[in-house]
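Each remark here refers to the structure printed beneath this line.
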Amino acid sequence: MTTIGHRIGEILATLPEGVRLTAVSKFHPVEALREAYDAGQRIFGESRVQELMTKIPAMPDDVCWHFIGHLQTNKVRQLLSTRRIAMIESVDSERLLRAIDSESARLGITTRVLLQVHVALEETKFGFLPDELCAFFDDRGYESLQATHICGIMAMASNTDDTARISADFATAAELKARIAAEHPDLRGFDTLSMGMSHDYLLAIARGANLVRIGSGIFGERQY
Ligand SMILES: *Cc1c(COP(=O)(O)O)cnc(C)c1O
């Protein structure tokens with residue numbers, strides 16, 4: 001077993017049933033992804049369109065590619081033209097959501113997305129503010145989507161060592177998702193809560209995450 005395969009096994013052993021793993025492979029070479037694949041990993045997370053364009057053809061067809069980075073509207077067409085994106089976890093504005101929807105409709109595909117909510121302290125993190133997110137659902141903004149399936153919520157916690165703060169951020173995201181699901185029972189398959197990275201995924205799971213995004217804990221430090 002390779003180091004990468006071994007680390008995946010150790011992480012999987014800590015995940016409760018029903019929690020899935022996105023292996024965040026951004027900035028790592030295809031050889032590293034191969035090792036993860038050979039250890040049974042199928043969901044890979046990438047944050048840059050160009051990098052994904054070179055990795056998709058280099059990996060087997062049963063890989064589920066998740067886009068997890070900030071996606072510029074002008075890159076939506078290129079990303080979706082691959083027809084290989086299993087999920088965009090990082091839809092951070094309604095404008096981006098609408099662009100994904102119209103491009104998906106044009107291609108005749110349905111794109112699965114998560115809406116990213118901004119719950120962290122930093123002003124720089126992307127995402128819907130909690131009030132914006134609620135307003136989007138209360139205005140039933142999802143009803144006019146033709147080719148996009150909103151599968152849930154994605155969040156990142158504050159970049160801090162303060163575990164109480166991190167837990168509070170995850171709790172905020174979990175409460176938002178629960179509230180939206182309760183108030184909009186017509187939303188189908190709104191069941192994914194993606195939160196938690198290498199250093200905080202256990203806190204995220206404690207708050208109800210059922211998809212975690214782990215990079216350095218699997219592949220080691222990134223070489224930028
Ligand atoms: C890079 C990244 C991760 C993985 O972070 P690690 O600390 O390496 O586990 C998770 N989520 C998002 C959105 C990222 O950009």
When residues of the range 201-221 are limited to those that are surrounded by fewer than 24 Cβ atoms within 10 Å (Cβ to Cβ) and of a type in the set (Val, Ile, Thr), the one nearest to TRP65 (Cα to Cα): ILE214
Quick one: which residue in GLY18, GLY40 is small (Gly, Ala, Ser) and either under 17 Å from the mean Cα position of the chain (by Cα) or closer than 17 Å to MET197 by Cβ (or both)? GLY18
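Could you list, in sequence order, the residues of the range 200-224 that are assigned to a loop (DSSP other than H, G, I, E, B), closer than 18 Å to GLU46 by Cα and not hydroxyl-bearing (Ser, Thr, Tyr)? Before you say what the answer is, go through the steps one by one.
Applying the first criterion (assigned to a loop (DSSP other than H, G, I, E, B)) to the range 200-224 yields 200, 207-210, 215, 220-224.
The next check asks that each one be closer than 18 Å to GLU46 by Cα; those that pass are 215, 220-224.
Within the range 200-224, GLY215, GLY220, GLU221, ARG222, GLN223 meet the criteria.
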Kindly list the number of the only condition in (1) surrounded by fewer than 21 Cβ atoms within 10 Å (Cβ to Cβ); (2) within 18 Å of the chain's Cα centre (by Cα) that fails for GLY9. (2)
For the range 172-200, give me each residue that is free of Cβ contacts under 8 Å to residues at least 40 places away in the same chain, surrounded by 21 or more Cβ atoms within 10 Å (Cβ to Cβ) and within 16 Å of the ligand (Cβ to nearest atom). GLY196
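On the given criteria, is ILE68 more than 21 Å from VAL30 (Cβ to Cβ), within 12 Å of the ligand (Cβ to nearest atom) and in contact (Cβ under 8 Å) with a residue 12 or more places away in the chain? Lay out the reasoning, then the answer.
On the way: more than 21 Å from VAL30 (Cβ to Cβ): no; within 12 Å of the ligand (Cβ to nearest atom): yes; in contact (Cβ under 8 Å) with a residue 12 or more places away in the chain: yes.
Judged against the criteria, ILE68 is not a match.
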Condition check for ALA157: of a type in the set (Gly, Ala, Ser), touching a residue at least 24 places away in the same chain (Cβ under 8 Å), more than 18 Å from GLN72 (Cα to Cα) and in contact with a helix residue (DSSP H, G or I) (Cβ under 7 Å, 6 or more places away or on another chain): yes
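Where a number appears in this text, it was derived from the coordinates with a stated rule and is not lab data. Predicted model, so just to flag it, every value in this text is computed and none were measured. Neighbour counts run over all protein chains shown; Cβ positions are idealised from the backbone, glycine included.
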